[in-house]
1. Is it true that some residue in the range 245-257 is within 30 Å of Glu220 (Cα to Cα), polar (S, T, N, Q) and open to solvent by 50 Å² or more (accessible area, probe 1.4 Å)?
2. Condition check: touching a residue at least 24 places away in the same chain (Cβ under 8 Å), within 30 Å of Val287 (Cα to Cα) and open to solvent by less than 20 Å² (accessible area, probe 1.4 Å). Does Leu106 satisfy that?
3. List every residue pair whose Cβ atoms lie under 7 Å apart, where the two residues are 6 or more positions apart in sequence or sit on different chains, the first residue falls within the range 77-92 and is within 12 Å of Ala27 (Cβ to Cβ) and of a type in the set (Gly, Ala, Ser), and the second residue, located anywhere, is open to solvent by 10 Å² or more (accessible area, probe 1.4 Å) and at pLDDT 95 or above.
4. Being part of a loop (DSSP other than H, G, I, E, B) and in contact with a strand residue (DSSP E or B) (Cβ under 8 Å, 6 or more places away or on another chain) narrows it down to one of Glu125, Glu121, Glu101, so name that one.
5. In the list Thr163, Thr118, which residue meets the criterion of being open to solvent by 60 Å² or more (accessible area, probe 1.4 Å), of a type in the set (Val, Ile, Thr) and under 16 Å from Asp182 (Cα atoms)?
6. Restricting attention to the range 4-47, report how many residues are at pLDDT 85 or above and not small (Gly, Ala, Ser).
7. Return the residues of the range 184-208 that are open to solvent by 20 Å² or more (accessible area, probe 1.4 Å) and more than 22 Å from Asn155 (Cβ to Cβ); say none if nothing qualifies.
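The values are calculated or read from the model by the stated rules, or taken from the named source; none is laboratory data. These figures come from a predicted structure and were not determined experimentally. Quick reminder, even Gly has a Cβ in these numbers, built from the backbone with ideal geometry, and neighbours come from all protein chains shown. Just so you know, the surface numbers come from the protein's heavy atoms only, side chains and all, with ligands and any DNA or RNA stripped out. Shrake-Rupley method; radii C 1.70, N 1.55, O 1.52, S 1.80 Å.
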Amino acid sequence: MKTLKYAAAASMLAVALPASAQQLSIATGGTGGVYYPIGGGLAEMINNRIEGAQATAEVTGASVENMGLIMRGDADLALALADTVYQAYTGTGDFEGRQIENTRALASVYPNAVQLVTLAESDIESIADLAGKRVSVGAPGSGTELNARAVLEANGISYEDFTPQRLNFNETADAIRDGDIDAGFWSVGPPTSSILNLAATRDIRLIGLSDEEIANAQEEEAVFAPYELAAGMYDGMDEAVETIGIPNVLVVNADMDEELAYQLTQLLFENTDELIAVHPAANDTTVEFTMKSTPVPLHPGAIRYFEEMDVEIPDRLRP
């Protein structure tokens, strides 16, 4: 098939794809997070701009489940946290004994922030105060649980110290609002709708991490980085809160057609404004963020696009 190249100014033009690529499944997360709207926005871009392609955003358990979907070929694209992606690619952590060597990236799209939320009236002031409490650590198979566990264990806190509940974002918000749990973790691009909705009905407080706790977490997971949640992000949040951030990666299988991977990468970076209109987290969807934050090799189709854009690609991102 003839490769169609077009500049950003001409990105409205439709591009034909191989017949095998016409039906695309995008693995996202729960409806209360950012993966689902970002995936839905990307699906709409594909449907509107790539001739013959139809994409659908699928609700899933998020990062860990999504990597399995990519491995089995049950999803064509997936959003997943960088630590989950790296563990899958290297066969470490939760993926020990089930390595997914054919993991490839198209881009890093935005950073997640680990957000620990409780009611303003709660006596929880730090992660140490979670002892003896009922705490949601995220949905089963989610990157949120991986991040929460890494942060806690790096700071000497285990699941035996509190009562863990494995709830998705909306369930966590509802359980905090109703007093069924004392606190909950989110690992998601801020601001997220489920916390916004909770803050609109109850007075909440976000629990920050100390410099020492952040440093301990970084020793546990190399992809963690300090991140500041800005004051005013949620109702009643009068001061900035320090936590950690983790890149989110758009991943595919190495077996994906190179032309398709090329066109998807081109579509993403030449129409980023459409994703920003869906969710402000996409303001971080830049080539620079991808080169700095992606933890696994890029797909050859993505590499071709970046090379055409004269981007300097680190050796670690070449298969």
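1. Going through the range 245-257, the residues within 30 Å of Glu220 (Cα to Cα) turn out to be 245-254.
Remaining after also requiring polar (S, T, N, Q): 248, 253.
Adding the requirement that they be open to solvent by 50 Å² or more (accessible area, probe 1.4 Å) leaves none.
Within the range 245-257 (the criterion being within 30 Å of Glu220 (Cα to Cα), polar (S, T, N, Q) and open to solvent by 50 Å² or more (accessible area, probe 1.4 Å)), the answer is no, since none of the residues qualifies.
2. Details: touching a residue at least 24 places away in the same chain (Cβ under 8 Å): yes; within 30 Å of Val287 (Cα to Cα): yes; open to solvent by less than 20 Å² (accessible area, probe 1.4 Å): yes.
Yes; evaluated as a whole, the condition is true for this residue.
3. If the second residue must be open to solvent by 10 Å² or more (accessible area, probe 1.4 Å) and at pLDDT 95 or above, the pairs left are Ala78/Leu69.
4. Working: Glu121 fails: in contact with a strand residue (DSSP E or B) (Cβ under 8 Å, 6 or more places away or on another chain); Glu101 fails: in contact with a strand residue (DSSP E or B) (Cβ under 8 Å, 6 or more places away or on another chain).
Going through Glu125, Glu121, Glu101 in turn, the sole match is Glu125.
5. Selected residue: Thr163, the only one of Thr163, Thr118 that is open to solvent by 60 Å² or more (accessible area, probe 1.4 Å), of a type in the set (Val, Ile, Thr) and under 16 Å from Asp182 (Cα atoms).
6. Residues meeting the conditions: 15.
7. Selection gives Pro191, Ser193, Leu196, Asn197, Ala200, Thr201, Arg202, Asp203.
Rundown of residues vs (1) touching a residue at least 12 places away in the same chain (Cβ under 8 Å); (2) touching a strand residue (DSSP E or B) at 6+ places or on another chain (Cβ under 6 Å); (3) of a type in the set (A, V, I, L, M); (4) not in a strand (DSSP E or B), yes/no style:
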{"residue": "Leu167", "(1), (2), (3), (4)": "yes, yes, yes, yes"}
{"residue": "Thr172", "(1), (2), (3), (4)": "yes, yes, no, yes"}
{"residue": "Ile176", "(1), (2), (3), (4)": "yes, yes, yes, yes"}
{"residue": "Asp180", "(1), (2), (3), (4)": "yes, no, no, yes"}
{"residue": "Trp186", "(1), (2), (3), (4)": "yes, yes, no, no"}
{"residue": "Pro191", "(1), (2), (3), (4)": "yes, no, no, yes"}
{"residue": "Leu196", "(1), (2), (3), (4)": "yes, no, yes, yes"}
{"residue": "Ala199", "(1), (2), (3), (4)": "yes, no, yes, yes"}
{"residue": "Arg205", "(1), (2), (3), (4)": "yes, yes, no, no"}
